[in-house]
Each structure stands twice: as structure tokens, then as C-alpha cells.
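Structure, as C-alpha cells:
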Amino acid sequence: APLPPERHAAAAEAIEAFLRSSRFSYSRDPRGTTDPRETPTGRMPTIEEFLTVTRRGYCAHFASAMTLMCQAVGIEARLATGYRAAEFNEAGQFYRVRKKDAHAWVEVLLPGRGWTDFDPTPDAGDETRRSQRPWLATMRAWYDFVQFEWANLIVSFEAAHREELWNAITKWWRQITGRDEGGGDLRTRLRELLLGPSIFTFSQRLLYWFVALLLLLLVVLVLRAAWMALLIVHEFVPRVRRGRRSLTRHPDARYYDRLLILLARQGLNKPPELTPREFARRIAAERPDLSAVVQLTDWFYEAQYGAARFDPDRRRRISELLENLRDRGRFSVQA
């Protein structure tokens, strides 16, 4: 017979406590048991089989069982599904909800209280999360927070975030330019320029550092490209000295200008009063590990003044020697 309304609350609490007791256990196995012999053909158990045979299941089994048991004694109850946010991220101050946090519970209509939530599912016992060491949990929380901010600020970058960031940048710019109060002295402004504006939120400061890093990499790439272009110009474009155009390099002799640049990096600058051959012999005498410069200079004379054409093997040999000088600061092999 249906229970009187005044006993509905106590009955619902008793049913919830019964299902959460040690008589039942939580299992993610859809069959409700790891032993297929406990249910016909290993299929998912019915509510009756769950209550009387397997007594193992996940939230849908427990919630469905409580709903049926409440309705059996005349208590209005319904199954509710959604997500249970159980993991709070201390770093970002938000709850993280995953697919595995999907959950089912029961809503019971109680006199004077309306629809009331009951959760008959025993604690799933996320042992992995609870057994984590504190430092590992902290690292995971920060990783999740950075990933969350990356998705919000970089991947999606919605209109609300753009407007908030633009307002913060505008306010900071007015402060450092002296239009608003709070800009501080020069040291404070330089510190904020390096570490990020103090008026920025932490997530906005992360974005500031990310953009600053990209700009720094861009400057490095531009300087590198400019240096390479300067080397190319120095090696292949005739130079102008004292108002007169210097002698045009023979195509196979242009490597000599690059050789002089590489030697200059070693602190070996060619004096203007020395001929290339005299300079090479001085280097060989002072630096035996650079004695191959004599051979390179002899080849330079052959090409520049003898109009000789080098074969592929010699060109390859010259390139190897120059690469050794550039990368190691010496010639790894003798000419």
C-alpha cells in the first residue's frame, strides 16, 4: 500500500542509505559485474537483477533502482541525468567537468519541499585522483589551468575577452604615458614592460608574455636574415673604395671575401699593406691549425688573376674548409 505523505521523506532517505550501504558496490562495467555468469548471457542486468543478484553497477543502475523503489511505495520520483562537478581547480578557481563526470541521480517530490535531490550511488572512488601526491596534483591543476586559458584566450578569443583585454591595454597605456594617475616612476614602468602590466589579470599577463615572446623571436629572425643578407652583399656585390669601384671578383674567387669575414671573427684582420698571400703565410705561422688558408689563397690567385675555372671537386673542397672554419673556428683537416 502507498505510504502516507508524512513518511515519504524518511522512506526516500532509507532507500538512499540502503543503496549506498556495503551491500552494493560501484562498477563501471556496463553489465554490472565482471563475471558474465552472474547475469544471463552477460548482458546488462535488469533493475530486479541488479537489486537481487549482481548488486554492482554504476550511477544509472542505482538511480533507476531508487526511482523504481520510491514509485513502488507511492512516492513520486524521477530519474535525472547531467554532470557532477567534483574536481575543483585551485589554480584557476573553477570546476573541471569531463565526459567521465556524467552522472545520474534521483529527484523525489516531498511534501513542503518540492523536488528534492537524492544520490543513491556509492562514491565512485576516483582512487587515481585521491591517491595523487600533493605536488603532482598541483602540477596537474596548473597544467589544466594553462590549457583552459589557452583555449579561452588564444583558440577562441571571444568578443568579451577581446574587449576586456583592449580596455586593460588602453588603461595601461594611459598610465605609462602619464595621462592617468598610477603610472609610477621610470623604474616601475620598465618593470611592468618586462614582467607585464600590474593591472592585467594573470591570464592576460600570460597572453602578454606569449605575444612578447613571439615578437622577440621575430626580431631575432629579422636580425639573422639581415646579417645573412649583409654577408651575401659583402661577398657578391663589388665594393666601392675611395670613390672608385674595386676590382670585380671572378665568380670562382668570391669565396675569398667570405674567408676574410670568417678570419676576422677569429680576430685575424687583414692589414691593408699585406697582399693576400703574405697575409695567408702570416696566419699559417701564427696559427698552424689554420694553415689551409694558404691553399685557399693560392686557389684565389688562380681564379682571380689567372681566370681559372674550378671543377666541382675543388668547389666542394672550398665549401668544406669554409664550413669548418665557420662552425669550429679552425680547419679540421689540412689542405
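The values are calculated or read from the model by the stated rules, or taken from the named source; none is laboratory data. Owing to the predicted nature of the structure, the values given are computational and were not obtained by experimental measurement. Cβ atoms come from the backbone with ideal geometry, glycine included; neighbour counts cover every protein chain shown.
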Flagged in the range 29-68 as assigned to a helix (DSSP H, G or I), among the β-branched types (Val, Ile, Thr) and modelled with pLDDT of 65 or more, in numbering order, are Ile47, Thr52, Val53, Thr54, Thr67
Can you work out which of the residues in the range 115-133 that are outside any loop (DSSP other than H, G, I, E, B) and modelled with pLDDT under 75 is nearest to Phe24 (Cα to Cα)? Glu127
If I filter the range 138-169 down to residues being small (Gly, Ala, Ser) and at pLDDT below 75, which single residue comes out as surrounded by the fewest Cβ atoms within 10 Å (Cβ to Cβ)? Ala159
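Please verify whether Leu231 is under 20 Å from Ala168 (Cα atoms), in a helix (DSSP H, G or I), touching a helix residue (DSSP H, G or I) at 6+ places or on another chain (Cβ under 9 Å) and at pLDDT below 75, treating the condition exactly as stated.
no
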